[in-house]
Structure formats: structure tokens, C-alpha cells
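Asks: One structure, as C-alpha cells, below. Some questions next.
The values are calculated or read from the model by the stated rules, or taken from the named source; none is laboratory data. Since this is a predicted model, take the numbers as computed values, not measurements. Quick reminder, even Gly has a Cβ in these numbers, built from the backbone with ideal geometry, and neighbours come from all protein chains shown. Ligands, DNA and RNA are excluded from the accessible area calculation, which covers all protein heavy atoms including side chains. Shrake-Rupley method; radii C 1.70, N 1.55, O 1.52, S 1.80 Å.
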Amino acid sequence: MEAVQKEHERLSKRLKASQSIKNVQSTIDILQEARNAIASDPEQAPITLAKLQNPVKSSFDAINDSLKETHSCLNKYSKSLDKLFKDRPLPSTEHDALASQEHLINRAIAMHLLREGQFSVASTFLSEMADAKTLQQQGRTSSRVPQNAASLLDLEEVPSSEVRKQFATMYYILHELEQNKNLLPAIQWARDNREALEVRGSNLEFELCQLQFVWLFHGGQTPEAPLSAGRQAALEYARREFHGFMPRYLREVQQLMGAMAFCPNLQESPYKSIFTNPTAWNDVAQAFTREFCSLLGLSADSPLYVAATAGAIALPTLLKLQTIMRAKRTEWTTENELPVEIPLPPSYLFHSIFVCPVSKEQTTDENPPMMMPCGHVIAEESLKRLCKGSRFKCPYCPNESHPREARKVFL
């Protein structure tokens, strides 16, 4: 990796120091001057063109020399990349589970575009799918598309048109929050959906109002104003808004009010983390996005993005496994699970997985985890092999038990 970094730095320096642009501009200037001279005195055209030959030739030579050096650096950089990231074939797709589920892939793409705020691209994608459907009905193509492209966006009790409108609202609120430091649209949305958020146990509305208080405390839109003006505006906001959060957030409100006494020295006060949090706006934006998507029945992150990222993390391991399997002349025999454990980040683990400590295999519905009276858990097939129908000793402690005493574990 160090070699790639060195070549990248060398290429960057070369591009910055390159005279190619200046040489090209110089050539353009020479040609423009000659053109103006000929336009003003056409009779001098032969002389002007004769004088033009040597300067243009020398300018082109300078451009070519500069480009040769740049191309040499680029070539070395490409070779270092090829050396580090060797071209290897991807794992076999003979058992592609999604090959027959094209509508799910199209749905994931359309929803991802909406989640990213690419509304025009999503609209074009859906319209092209509708055109493909029309061509299919006319017998001009055999590609598989859903009966109604727009219905891909339908959620439970939420039609596709409403889904687009909801995401447009979400991006408007996020833009106001992140770009203009305007929390009012987000606060209003939280109030409009207060009942649904309370069912989820969400703290979003209070977190937004708390940040609004802190923003006003620091001066709001006029931070250059006297400190007393900011404190007064925050205090008026608290008197007007915080009574609705009592008594659930009594402690948090007391902390906000207590900070008034430490205003000249907040950095040394117990409330420093509340009033000088550099990630507060980003945190509340993420919380808003998470709650907004949850009310639509969606995850906070795009499934397509999560799947692509997890696949990129897992790909090197799978490529290595494929090489080993090819060398040993073995085949991938498992159908519903990977033949090797993939170390994904904790944020990408959505389902509990138990690996039997005896067989080193993941448990399935047909081979569930079983807990013995001593508290140790192994897979059912491992339990059967150990007990052979009679009492047996736990492989991890001295306790003995009978297979009928084992209980199925639900993760």
C-alpha cells in the first residue's frame, strides 16, 4: 500500500507542476493573435502564417514533452494499483438466489434512489421500467419486469405516490436542519407524529427542542448579540415549550435551566457536554432520519447500500475461499448459509447467529441450538452425536445430563 501512496503523491505533484495547461493556453493565444492580424489585414496572411509556424511547432513540442512525463507517472501509478489489487474472477453465480427475484432488485434500486434524494433519477428509472413493460406486452422483449413499475414503491398502507412525497418532505426538513440550522420544520413534524413516536418510545421531539434551546442560548441567528439576549430568548422558549415534556424529562429540563447560572464559564461547568457538543446537529439529523424511516416501516439505512457494503467486505474472504476450494477440488455444498464466517462490523449484524462450539457450524431451523441443564449450548446434531440416546458428559464442564433434559434455545 505504501508503494501506491508514493506513486499517487508523485502523480499529484506532477499534475500540479505540469505546464501543459499553460502551454496549451499559450498556443491558443498565438493562434488568436494570428487570426486577429489576418482579419485586420488579409493581404499579410502569408507572412503571418509563415511567422506562425515556428512558435506553434515549439509550443506543441512543449505540450507533448509535458504530457509524456505525466503519462509516465500515470502509467507507474496504474501498475502499482494493478500489483496491489490483482484481477481475480468473482465467485461463481450458479446459485444466485436473486436471479428469479428481479422485482426485488428493482425495488431496492428505486427505494435507494429515493432515500438518497435522487427523485428525478428514481422517476426516470421507474418510467423506463414501465416502457420496458409496454415493449414486453408488444412482444419486442423478453425481459422480466413487474406488472406496475410504480407499485414497487408501495409500502404497507402507504401508496407509491405518498412514499415519494414523504421522502421529499424528509429531505426538505434535513436541508433546513443541516444547511440553515432551522429546527422548526423537524420539531413540527415530530409534533404531528407525536403519538406514533411515543409508541416507539422515541425521544426525538425533546432532543430537537433541547437543541433549539441550546441554539438560542448561544445567540441563535445573531451569535454576535450580547450573551444576555441569547439567555433571555432561550428562557422564553423553555417557558413556552418545555411544560409539555414534564414530568418525563424533568431531569433534563432542570439541567438546561441550571446551566443559566454557569453561562460565563460553561466550559468548566457540569453542563459542558450539552452546550458544547460538536456533533449535536449531526446526531439529531441521524435520529430524525431513523425515526422518519421507521414510521414508514423502513430501516434507517438503505438495504441496497448495506448489502453492497457487506458484500464488499465479504468479497476478499469469499475469493480466498474459492481459491482454496479449487485447489482442494471441493465444492460449495451449503445452500442457506456461507461455508465460512464473515467478520462484519457490529452495525451490519441484524440477526443473532449461534455457531456450535463442537461442530463449528451455524445452527439452522433444522439444527437448532440446545441448552443443557448446566447452561452450555450446542447444536442439536452435536447433542445427538454425544449422547447416543443415553446420559452424557457436557463437553465443557463435568456435569452429566440426559438428552431429554436439553431445551431448545430461541435467539
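Asks: Taking the condition of being open to solvent by 80 Å² or more (accessible area, probe 1.4 Å) and within 20 Å of Phe206 (Cβ to Cβ), how many residues in segment 218-245 meet it?
Replies: 5
Asks: Condition test on Leu31, is it open to solvent by less than 50 Å² (accessible area, probe 1.4 Å) and in a helix (DSSP H, G or I)?
Replies: When the stated conditions are applied, Leu31 does not pass them.
Asks: Checking the condition among the aromatic types (Phe, Trp, Tyr), farther than 21 Å from Ala285 by Cβ and assigned by the TED database to the domain that holds Trp281, which residue from Phe242, Phe217 passes?
Replies: It is Phe242.
Asks: Sticking with this structure for a sec: If you scan segment 57-86, which residues turn out to be among the charged types (D, E, K, R), assigned to a helix (DSSP H, G or I) and farther than 21 Å from Val24 by Cβ?
Replies: Matches in segment 57-86: Lys76, Lys79, Asp82, Lys83.
Asks: Here's something else I'd like to know. State which residue pairs qualify: first residue in contact (Cβ under 8 Å) with a residue 40 or more places away in the chain and assigned by the TED database to the domain that holds Ala196 and inside segment 280-308, second residue acidic (Asp, Glu) and in a helix (DSSP H, G or I) in any location, beta carbons under 7 Å apart, and separation of 6 or more residues or different chains.
Replies: Trp281/Glu178; Val284/Glu207; Ala285/Glu178; Ala287/Glu207
Asks: Can you list the helices (runs of 4 or more DSSP H) found entirely within segment 211-322 that contain at least 1 residues being closer than 28 Å to Glu102 by Cα?
Replies: 280-295
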